[in-house]
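One structure below.
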Amino acid sequence: MNGGSLGLRTGSYGLLQNINRAIAGGEISKSLSNVRKSSTKMLSGIREKERPLPNAWFRYIGCRKFSMLLLIAFALLVFALGSFVVNKDSTSPNVLQRIGTLGIVPYVNGGHHEASQILGEKDKKKDENRFQIPAFKGASVLPFHHPCANFTFPPPPPPTRRRLGPRPCPVCYLPVDQAIASMPSSSSASPVLHNLTYVLNENPIKSEPHGGSDFGGYPSLKQRNDSFDIKESMAVHCGFVKGSKPGHGTGFDFDESDLAELQQFHDIIVASAIFGNYDIIQHPQNISEEAKKNIPFYMFVDEETEAFMKNRSILSSSKRVGLWRIVVIHNVPYSDARRNGKVPKLLLHRIFPNVRYSIWIDGKLQLVVDPYQVLERFLWRQNANFAISRHYRRFDVFVEAEANKAAGKYDNSSIDEQVDFYKKEGLTPYSEAKLPITSDVPEGCVLIKEHIPITNLFTCLWFNEVDRFTSRDQLSFAIVRDKIMTKVDWSINMFLDCERRNFVIQSYHRDLLEQMPPPVPAVVRRPPALPNTRGKTPGKRIPRRGRDRRSGSRRHRKAAASNREQFLLNAV
């Protein structure tokens, strides 16, 4: 290889030497002919030397371009082998790599162990008619003409651009008029259970050492177990047990005018609540005129929150604040404001007996997408009758329990008692055996529900767990869901939390908002006063020296940094 290369260079040098001799001797034409002959002989000699080589392309190895091509090819080969090894490792039977969005391109939405970022190999196959494979049984297949049939998630941001915390991701909504046209004309079929009634007119007596309340009726463990035996007709405990109808002498009572309002028929309602003056009312945005006309928005508040709103002139005699109709609750059943908030959240079907669909949002959330579009996207399009987002980071109840204990969300011994009770009932850590169920932990601040017997039973039994144990409803969600699913062919649409963040914006609670420093007023910069030039010869303006200019900029940066540090300390 080297011999051929050096031989060419020797010929080149010899060629130049021959030309120089010919020029020096004055015999240019004769020399040129000799040069051509000598060079031809040398080249033919080189070819004869290279013929015994096994492959003719070896003579080009010495070329710089060809060497670079070889290096690039070798680098590509190494890269391909490395990718193969990584892919082989990533397809190992690790549960964190089996849980995922069932074919959705991963979108950055939070922490490293977020369930929605982990894809499973057998879940990557897509039906060409679907824009994603739904994460629950019974989901519909979008036809080709559907506006969202070809919708796909954008690629995730590059790994070098780090994004902390959960973020919203794109969602394909139908236009409002098309969403309204998509509303089913009749209610969905309720599997097995067709007639659900509730325990009323009871004087509850606590007979077992577990938790509970007069409002919930203290159902015994036997009654609890019987409530999971799904039959065609059932009667279960579901709050409001001490009266003839919800909100009238039961605890969690309404004014008579409100009772009449709540009995009216509505296709759709939107509901929220603020107890203990814990949040600031968030006003819905981007609501269509059709929704404003046909969909009522109800905000439940206790007397403490009502008094604050009146003192701040937020609430008038009309009982309306923007789109929200304020419903005041009397005789709240619990001393814990957060537990009181679970009553309307989980028992809307008891408060509104003549409603088809409901959207529940926590008081700290602002709805920014029309309710018709939300229902079409997460219920009607999916042939679902209950939808809730999964937690953006955790998908295992046991991990969620430890996170609640670490954050001081509830008394640790009560959390341990609840989890131990569920362990004895057969609750196990999440594993790939539960697929296509993708999570055991919801982000329960939004509930989208069709009011039919099976979903009403689910929220009743979920509320009974919250009443019996801790108010942390994420801990009791999976045990109730799984017990019902073992009896009937029914499932829940657990969609991505980043999709939830697309249609609701999360604000801070009131206590944190009040600790935030007020916004710094904008500084009005006035042009500098002109210098007094009387009696002076006009000349060039003396510029400010660099040190003075930089010092002012430095003082501004220090002041801004100090404000940010003070805000972060207050927020913590």
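The values are calculated or read from the model by the stated rules, or taken from the named source; none is laboratory data. This structure is a prediction, so every number in the text was calculated from the model and none was measured. Because the Cβ atoms are built from the backbone with ideal geometry, glycine has one as well, and the counts that use them run over all protein chains shown. Calculation scope for accessible area: heavy atoms of the full protein, side chains included, ligands and nucleic acids excluded. Shrake-Rupley method; radii C 1.70, N 1.55, O 1.52, S 1.80 Å.
Can you tell me the FRET efficiency between PHE228 and ASP489 if r is taken as the Cβ-Cβ distance and R0 is 22 Å, rounded to the nearest 0.05?
Result of the calculation: an efficiency of 0.90.
Given points 7 Å out from each Cα along the Cα-Cβ axis, report the LYS310 to GLU402 separation in nanometres with one decimal.
Placing both labels 7 Å along Cα→Cβ, they lie 4.9 nm apart.
Over the range 248-404, what is the mean sequence separation of C-alpha contacts under 8 Å (at least six apart), divided by residue count, expressed as relative contact order in percent?
The value is 33 percent.
Accessible area per residue of the range 221-274 at 1.4 Å probe, in Å²?
With the other protein chains kept in place, the range 221-274 gives 41 Å² per residue.
Need one value: the accessible area of MET309 in square angstrom, 1.4 angstrom probe, rounded to the nearest 10.
Rounded to the nearest 10, that gives 10 Å².
Using a cut-off of under 19 Å, list every residue of the range 168-189 whose amide N is near the label point 7 Å from the Cα of HIS145 along the Cα-to-beta-carbon line.
Flagged as within label range: 174-185.
To the nearest 0.05, what FRET efficiency results for LYS293 and HIS194 with a Förster distance of 35 Å applied to their C-beta separation?
Taking R0 as 35 Å, the efficiency between LYS293 and HIS194 is 0.60.
Under a point-charge model restricted to the Cβ atoms of Lys and Arg (+1) and Asp and Glu (-1), what is the dipole moment magnitude of the range 174-230 relative to its Cα centre, in debye to the nearest 20?
Dipole magnitude for the range 174-230 comes out near 100 debye.
For the pair HIS330 and ASN286, how long in nm is the line joining their label points, each one 7 Å along Cα→Cβ?
4.0 nm
Rounded to the nearest 5, what % of DSSP beta bridges with both residues in the range 355-504 are antiparallel?
75 percent
Going by amide H atoms built from the backbone, whose H comes under 5 Å of the H on ASN277, apart from near neighbours?
For ASN277, the qualifying residues are ASP302, THR305.
Report, by chain and number, residues whose modeled amide H sits under 5 Å from the one on ARG320, excluding near sequence neighbours (fewer than 5 apart, same chain).
The list, which skips near neighbours in sequence, is ILE326.
Of all alpha-carbon pairs in the range 247-369, indicate the percentage at a distance above 23 angstrom.
That fraction is 25 percent.
Rounded to two decimals, what is Rg over Rh for the range 151-247 when you use alpha-carbon atoms and the Kirkwood radius?
1.23
Projected onto the charge dipole of the range 247-357 (+1 at Lys/Arg Cβ, -1 at Asp/Glu Cβ, origin at the Cα centre), which of PHE297, LEU262, HIS330 gives the Cα projection farthest towards the positive end?
PHE297
In whole Hz and in residue order, list the ³J(HN,Hα) couplings for the range 369-376 that follow from phi through the Karplus curve 6.51 cos²θ - 1.76 cosθ + 1.60, θ = phi - 60°; x for Gly and Pro.
Running phi through 6.51 cos²θ - 1.76 cosθ + 1.60 with θ = phi - 60° gives 10, 4, x, 4, 5, 5, 5, 5 Hz.
Got a sec? What order do THR486, THR152 fall in by accessible area at 1.4 Å, biggest, i.e. largest, first?
Final ranking, largest accessible area leading: THR486, THR152.
Sort largest first and round to whole Å: the equivalent ellipsoid semi-axes of the range 293-352, each the square root of five times a Cα gyration tensor eigenvalue.
They are 20, 17, 8 Å, listed from largest to smallest.
Which percent of the accessible area of the range 384-430 is formed by carbon and sulfur heavy atoms (probe 1.4 angstrom)?
C and S fraction of accessible area: 47 percent.
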